[in-house]
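Comments concern the structure below.
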Amino acid sequence: MNLRSLISCIMLMMAGSAFSAAARADCPDWLDQDVNRLRSVESVNLCQQFGDKLLLVVNTASFCGFTGQFEGLEALYQAYRKEGFEILGVPSNDFRQAAATEEKTAEVCFVDYKVTFTMIAPQRVRGDDAHPLFRTLTEMSGQQPTWNFNKYLVDQVSGRVWHFPSHVKPGDPAIRERIEALL
């Protein structure tokens, strides 16, 4: 690579960084988080990936009575993803029903349930040491996760958050109607 090519490459990289910073300027601090993808060293910035999307955040577990909801979540994702809807799955062992390893968690999600929406590395979702994302979702919705598969629908436009507890299935009309009204 000659010097001119190297300088062009560096300038493009710097422009990309400036664009990323500008794109994230409107993003709230609680969403401007870098987290690792499930069973990966690759990280994702939640603002960059989800900042302009209607987002459903779900705390998940591998061995829970609600684990079958992965099927409904994937169906919901496939139904609305082309319209700007995203799902973020957040494995957590706060309720003692997660797999012992990230490898097993990934197997349950990606092999057993064929999940294609974003799953991140396990996080705490309750209490003072909860991930900042969940501390804020709890504050904004007034509802802390009381079990696995709590669902938080985040509307980036209005800044509102709706909470759906574990027993409300992903295909429930209350969730679908709210998604359709916001898209």
Loop-resident GluC sites (Glu not before Pro) in the range 40-86 with no more than 12 other Cβ atoms inside 10 Å, DSSP not H/G/I/E/B, are 42
Put in order of increasing Cβ neighbours within 10 Å, starting from the fewest, 41, 161, 125 give 41, 161, 125
Put in order of increasing Cβ neighbours within 10 Å, starting from the fewest, 104, 82, 151 give 82, 104, 151
In debye to the nearest 20, the charge dipole size for the range 28-182, taken about the Cα centre with +1 at each Lys and Arg Cβ and -1 at each Asp and Glu Cβ, equals 300 debye
Note to self: Kirkwood Rh of the range 28-182, Cα pairs, one decimal, Å, is 15.3 Å
For the chain, the helices passing both cut-offs (Cα extent along own axis of 20 Å or more, Kyte-Doolittle mean at least 1.0, full DSSP H runs) are 3-25
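Since every read-out is calculated from the coordinates, none of them should be taken as a lab result. All values derive from a computational prediction rather than experimental measurement. Positions of Cβ are backbone-derived with ideal geometry, glycine not excepted, and every protein chain shown enters the neighbour counts.
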